Each structure stands twice: as C-alpha cells, then as structure tokens.
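Comments concern the structure below.
The values are calculated or read from the model by the stated rules, or taken from the named source; none is laboratory data. Nothing here was measured: the structure is a model prediction, and the numbers come from that model. Neighbour counts are summed over all protein chains in view; Cβ atoms, including those assigned to glycine, are modelled from backbone coordinates with ideal geometry. To get the accessible areas, we keep the full protein, side chains included, count just its heavy atoms, and leave off ligands, DNA and RNA. Shrake-Rupley method; radii C 1.70, N 1.55, O 1.52, S 1.80 Å.
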Amino acid sequence: MIVGVFASGCTASCERSIKSCSSNINGGLDRIVIVYNLNGEEMARYEGKLDLATEDGCVQFEYNGKRIIWYNAIVSIIEK
C-alpha cells in the first residue's frame, strides 16, 4: 500500500491540493451548483466555471459578474 502511494507520486490529499490551486489560478472549476430549500425543492441552479468559498454556514461565488451568497441552504456542488 505504501509503495503504491509513492509510486503514484501523489496521495489523494495531494491531488485535492493541486486541484484547489488550479481552481484558484484559473478562476474556478467547471461545476454545477444546485440550491435546495429545507423541503428538498430546487430553488436555484448555476452552471459554469465557478470558484467557490465556504465560510460560517454560507457558500459564495461569482456568477455572470454578480456575487452570489447563500446562507443556511442545502447546496449540492457537482464537478463536471
């Protein structure tokens, strides 16, 4: 198992760090963001190159030149 990690050159944690760095440099990753209310009904959907930030129970990102901030919502983030 340890040999496999060294042979691949990068652990899963390392791969996530590389992806995060790439996202920061390139303005985000291609994603689908779906926001649901507490009843499970879809309230909003966003698709495109998004750079997300999460802090204190909110998700925020830029979409079509506008800052979007969702507080206390159920947010599903899917990478394309």
Inset, instruction - Could you please report the charge total around residue 59, scoring K, R as +1 and D, E as -1 over all other residues with beta-carbon less than 13 angstrom from its beta-carbon? - result: -2
Legend entry - Accessible area of region 24-80 divided out per residue, in Å², using a probe of 1.4 angstrom: 70 Å²
Legend entry - Solvent-accessible surface (1.4 angstrom probe) belonging to residue 55, in square angstrom, nearest 10: 120 Å²
Legend entry - Karplus 3J(HN,Hα) series, Hz, for region 28-45 with 6.51 cos²θ - 1.76 cosθ + 1.60 (x for Gly, Pro): x, 10, 5, 9, 10, 10, 10, 10, 10, 7, 5, 8, x, 8, 5, 9, 7, 9
